[in-house]
Amino acid sequence: MAHSRTARKAVRQNATRRARNRWRLSTMREALKEMRDKLLHGTVKECEELQRKVSRLIDRTAASGVIHKNQAARRKSRLVAAVRAKAKTGAKTK
């Protein structure tokens, strides 16, 4: 238990920041799940639009320090590769 006034404030701030960071992380994960669903069941155009939105969300999550910038780059790179693969296979089947 924190005793000093500043220690109590630090505990409050940590709780607020932890809640905000967990919200950012879960929002990003939900967007990635939606993206994976679109890759399976959506059109290429829908995937490209959603990929731009998810990339911005990943960038914001990394900018706030919730994930590392390299992790953000890796996630975005894999998203782009998945969309390109879908576009390539979609072009072959049509």
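The values are calculated or read from the model by the stated rules, or taken from the named source; none is laboratory data. These numbers come from a predicted model, not from an experiment. For neighbour counting, all protein chains shown are included, and Cβ atoms are generated from backbone atoms with ideal geometry for every residue, glycine included.
Need pairs with beta-carbon distance below 6 Å; first residue farther than 16 Å from residue 27 by Cα and within segment 58-77, second surrounded by 13 or more Cβ atoms within 10 Å (Cβ to Cβ) and hydrophobic (A, V, I, L, M, F, W, C); sequence gap 6+ or separate chains.
Within 6 Å, the pairs are 69/62.
Would you confirm whether any residue within segment 31-53 is β-branched (Val, Ile, Thr) and at pLDDT 95 or above?
Among the residues of segment 31-53, not one is β-branched (Val, Ile, Thr) and at pLDDT 95 or above, which makes the answer no.
Identify all residues within segment 33-43 that are surrounded by fewer than 16 Cβ atoms within 10 Å (Cβ to Cβ) and not in a loop (DSSP other than H, G, I, E, B); write none if there are none.
Selection gives 33, 34, 36, 37, 40, 41.
Out of the residues in segment 44-57 that are without any contact (Cβ under 8 Å) to a residue 24 or more places away in the chain and surrounded by fewer than 18 Cβ atoms within 10 Å (Cβ to Cβ), which is nearest to residue 84 (Cα to Cα)?
45
Kindly indicate whether residue 15 is modelled with pLDDT of 95 or more, in a helix (DSSP H, G or I) and surrounded by fewer than 12 Cβ atoms within 10 Å (Cβ to Cβ).
On the way: modelled with pLDDT of 95 or more: yes; in a helix (DSSP H, G or I): yes; surrounded by fewer than 12 Cβ atoms within 10 Å (Cβ to Cβ): yes.
The answer is yes for residue 15.
Within segment 1-12, count every residue that is surrounded by 10 or more Cβ atoms within 10 Å (Cβ to Cβ) and assigned to a helix (DSSP H, G or I).
Adding up the residues that qualify gives 6.
Filter segment 71-87 down to residues that are surrounded by 17 or more Cβ atoms within 10 Å (Cβ to Cβ) and not basic (Lys, Arg) and give me whichever is nearest to residue 38 (Cα to Cα). Don't jump to the end; show me each part of the working.
Residues of segment 71-87 surrounded by 17 or more Cβ atoms within 10 Å (Cβ to Cβ): 72, 75-76, 79, 83, 86.
With the extra rule that they be not basic (Lys, Arg), the set shrinks to 72, 79, 83.
Numbers: 72: 20, 79: 12, 83: 10 Å.
Looking at the filtered set, the residue picked out is 83.
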